[in-house]
Amino acid sequence: KERAIIANIPLNRLQAGNLAGAINTINPNYAFNNWDSSRLVELPRDRLTLIQSIGKGAFGEVYMGYLIFDEETPEIAVAVKTLSAMPAQSSERDFTLEAIIMSQFDHENIVKLIGVCFQSNPRYIILELLEGGDMQTFLRENRPKTNASSQLTLYDLMQLAHNVASGCQYLENRHFVHRDVAARNCLLTTKDVDRIAKIADFGMARDIYHNDYYRKGGSAVLPVKWMPPEAFLDGIFSSKTDVWSFGIVLWEIFSLGFSPYPGKSNQEVMHVVRGGIRLDAPEHCPPSAYSLMKNCWDPDPKLRPSFEDILKSLNEIISKNKELLYSQITVKTKNLHSRTL
Ligand code: ADP
């Protein structure tokens, strides 16, 4: 049977109301004060076929599956997040809120929510399938080897950075702070050259909304190494928090997936970052990209660039360094592979 992937279908066709047979009523139980639940599309469960598990989420298994969109269109590949059959009330609430948060967004660099099956168990959140997996794993898989350069060029890395920055700019314009922008939370449409990175995992924003951080163990679960001082010291979050995190993502991209501050505990990182210490430039990083990272890590949030500024800088780096960016990434130091992740 012919299978189609979601990329072949204009995403605007997948918006609320377009799906034949979709139940588009607002469930009054989804009332989360300022969140608009009207874009949550309840899909008929019998249009969905789950094929295989592709990951494990906080609520349960994540499956790859197919959704029959309408009679004329071939079925489309989707990712289905499941909530285990007998969920605690708080998990059910969090699962629903995650879907509501995702339903607010419509941008090519944000993972798209297609619909939900919430009217019976097991509950499903249905997302566009990103077949390339998470960006951190992808970067690690593409490190240069002693006898072979990386499959990726600096241009590919700049494209990934540009994709993530575009998604962040969209969130910034909507005054939405993601709070967990990190390579592990970005997914790729494909591993091939035409890959596009999209921001996923809105779990952190959801937990903050419920004050659940404190319930879940406070700073131990915070992504401290991606956070600016005003966030881990004073709990102040703004789009400039995401800008700092984006700087760390840039560093992750150009180091091909290294973990920032290897060997340091969260406590130590808070201490050194407060003292003004910053990550060194990754080995393959153009100086202009490192200088952008350092701007993102300004101790004063007001002095950090906006995502609009960041996109301008990335475009400038791309247009001014075409030759350099197409050069291959090779092993420069003999201990590249023995470094701690
Ligand atoms: P949670 O935030 O609930 O813990 P995630 O969103 O991180 O769960 O999902 C767990 C894993 O499932 C991810 O690491 C990824 O491998 C996979 N996954 C999640 N969403 C998608 C998607 N839209 N397309 C492809 N894989 C996905």
Check: Any idea which of Ile253, Ile248, Ile236 is over 21 Å from Ile310 (Cα atoms) and either at pLDDT 90 or above or surrounded by fewer than 20 Cβ atoms within 10 Å (Cβ to Cβ) (or both)?
Finding: Ile236
Item checked: Criterion (within 12 Å of the ligand (Cβ to nearest atom), open to solvent by 30 Å² or more (accessible area, probe 1.4 Å) and on the phi < 0 side of the Ramachandran plot) met by exactly one of Lys145, Lys81 -> Lys81
Check: Filter the range 174-207 for residues that are in contact with a strand residue (DSSP E or B) (Cβ under 6 Å, 6 or more places away or on another chain) and either more than 10 Å from the ligand (Cβ to nearest atom) or among the β-branched types (Val, Ile, Thr) (or both); which is most open to solvent (accessible area, probe 1.4 Å)?
Finding: Arg195
Item checked: Residue count, the range 66-78 (criterion: of a type outside the set (S, T, N, Q) and more than 15 Å from the ligand (Cβ to nearest atom)) -> 7
Note to self: Could you go through the range 162-173 and let me know if any residue there is surrounded by fewer than 18 Cβ atoms within 10 Å (Cβ to Cβ), away from the ligand (no atom under 11 Å from the Cβ), of a type outside the set (A, V, I, L, M) and farther than 23 Å from Ile318 by Cα.
What the structure shows: yes
Notebook entry, point to check: Can you tell me which residues in the range 190-210 are in a loop (DSSP other than H, G, I, E, B) and not polar (S, T, N, Q)?
Noted result: Lys191, Asp192, Val193, Asp194, Arg195, Ile196, Ala200, Asp201, Phe202, His210
Next item on the list: Using the structure shown, decide if Phe69 is at pLDDT 90 or above and either over 30 Å from Gln328 (Cα atoms) or in a helix (DSSP H, G or I) (or both).
Entry: no
Notebook entry, point to check: For the range 271-312, how many residues meet the condition of being open to solvent by less than 30 Å² (accessible area, probe 1.4 Å) and part of a helix (DSSP H, G or I)?
Noted result: 8
Check: Met86 fails exactly one of the following numbered conditions: (1) of a type in the set (A, V, I, L, M, F, W, C); (2) over 25 Å from Thr137 (Cβ atoms); (3) open to solvent by 70 Å² or more (accessible area, probe 1.4 Å); (4) at pLDDT 85 or above. What is the number of that condition?
Finding: (4)
Next item on the list: Could you please give the count of residues in the range 84-102 that are over 19 Å from Leu187 (Cβ atoms) and either of a type in the set (A, V, I, L, M) or more than 12 Å from the ligand (Cβ to nearest atom) (or both)?
Entry: 11
Next item on the list: Return yes when Ser319 is on the phi < 0 side of the Ramachandran plot, among the polar types (S, T, N, Q) and in a helix (DSSP H, G or I) and no when it is not.
Entry: yes
Notebook entry, point to check: Are any residues in the range 119-142 within 14 Å of the ligand (Cβ to nearest atom), open to solvent by less than 20 Å² (accessible area, probe 1.4 Å) and assigned to a helix (DSSP H, G or I), and if so, which ones?
Noted result: Met135, Phe138
Checklist line | Of residues in the range 89-118 being acidic (Asp, Glu) and not in a helix (DSSP H, G or I), the one most open to solvent (accessible area, probe 1.4 Å) | finding: Glu108
Check: Taking the range 95-113, which residues are touching an Asp or Glu at 6+ places or on another chain (Cβ under 9 Å) and modelled with pLDDT of 95 or more?
Finding: Val111, Lys112, Leu113
Notebook entry, point to check: Across the range 45-65, what is the total count of residues that are more than 13 Å from the ligand (Cβ to nearest atom), open to solvent by less than 50 Å² (accessible area, probe 1.4 Å) and in contact (Cβ under 8 Å) with a residue 40 or more places away in the chain?
Noted result: 1
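The values are calculated or read from the model by the stated rules, or taken from the named source; none is laboratory data. The model shown is predicted, which means the values in this text are computed figures rather than measured ones. Here the Cβ is made from the backbone with ideal geometry for all residues, glycine too, and neighbour counts use every protein chain on show. The protein model used for the area step is the full one, side chains on, heavy atoms only, and it has no ligands, DNA or RNA in it. Shrake-Rupley method; radii C 1.70, N 1.55, O 1.52, S 1.80 Å.
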